[in-house]
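Written out below as structure tokens is the structure these notes cover.
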Amino acid sequence: MVSGLLHYEHETIAEKDGDLPPEKVQALIAGLPTSFEIPRHQVVYEITTALIAPRVVPTGLYRRAVNLLGDTGLTDWTVLIGYFTCISLTLMAYDKVCSILFRPTTRRLAAL
């Protein structure tokens, strides 16, 4: 399954390259609350959580994000989150189709 593979890759990268403990990575993937010691990391986590959820970014969080990231940094981060959300939704829409099209038993894969 495409999404399962992506989660595994993200877990590996977060733990090895991101130097995050496994419990924190698992909480992020499961959508559970977590926290970070570095203030910039915490505000990025909180602003991302607020942006991808169907709710408004609270004024206090917005002010902290601008204070820690700057206007340009917050804009860049928001655009990046939007881009990856678009990719994620597209992959989720075609997840079943991809798993059917790229099974080793299909002629389509054999033709590649």
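The values are calculated or read from the model by the stated rules, or taken from the named source; none is laboratory data. Predicted, not measured: the structure shown is a model, and the values here were computed from it. All Cβ positions, even for glycine, are placed from backbone atoms using ideal geometry, and neighbour counts span all protein chains on display.
State which residue is surrounded by the most Cβ atoms within 10 Å (Cβ to Cβ) when the search covers only the stretch 45-91 and only residues that are assigned to a helix (DSSP H, G or I) and of a type in the set (D, E, K, R). Give the derivation first.
Initial filter on the stretch 45-91 (assigned to a helix (DSSP H, G or I)): 45-52, 59-91.
Applying the additional criterion that residues be of a type in the set (D, E, K, R) yields 46, 63-64, 71, 76.
Values: E46: 18, R63: 10, R64: 16, D71: 9, D76: 12.
Taking the candidates together, the pick is E46.
Going by the conditions given, is T12 modelled with pLDDT under 95, over 20 Å from M92 (Cβ atoms) and among the polar types (S, T, N, Q)? If you could, list the steps in order and put the result at the bottom.
On the way: modelled with pLDDT under 95: yes; over 20 Å from M92 (Cβ atoms): yes; among the polar types (S, T, N, Q): yes.
Yes: the conditions hold for T12.
Could you list, in sequence order, all residues of the stretch 24-40 that are surrounded by fewer than 15 Cβ atoms within 10 Å (Cβ to Cβ) and either at pLDDT below 90 or more than 22 Å from Y83 (Cβ to Cβ) (or both)? Walk me through how you get there before you give the answer.
At the first step, the residues of the stretch 24-40 found to be surrounded by fewer than 15 Cβ atoms within 10 Å (Cβ to Cβ) are 29-33, 35-40.
Hits for the stretch 24-40 are I29, A30, G31, L32, P33, S35, F36, E37, I38, P39.
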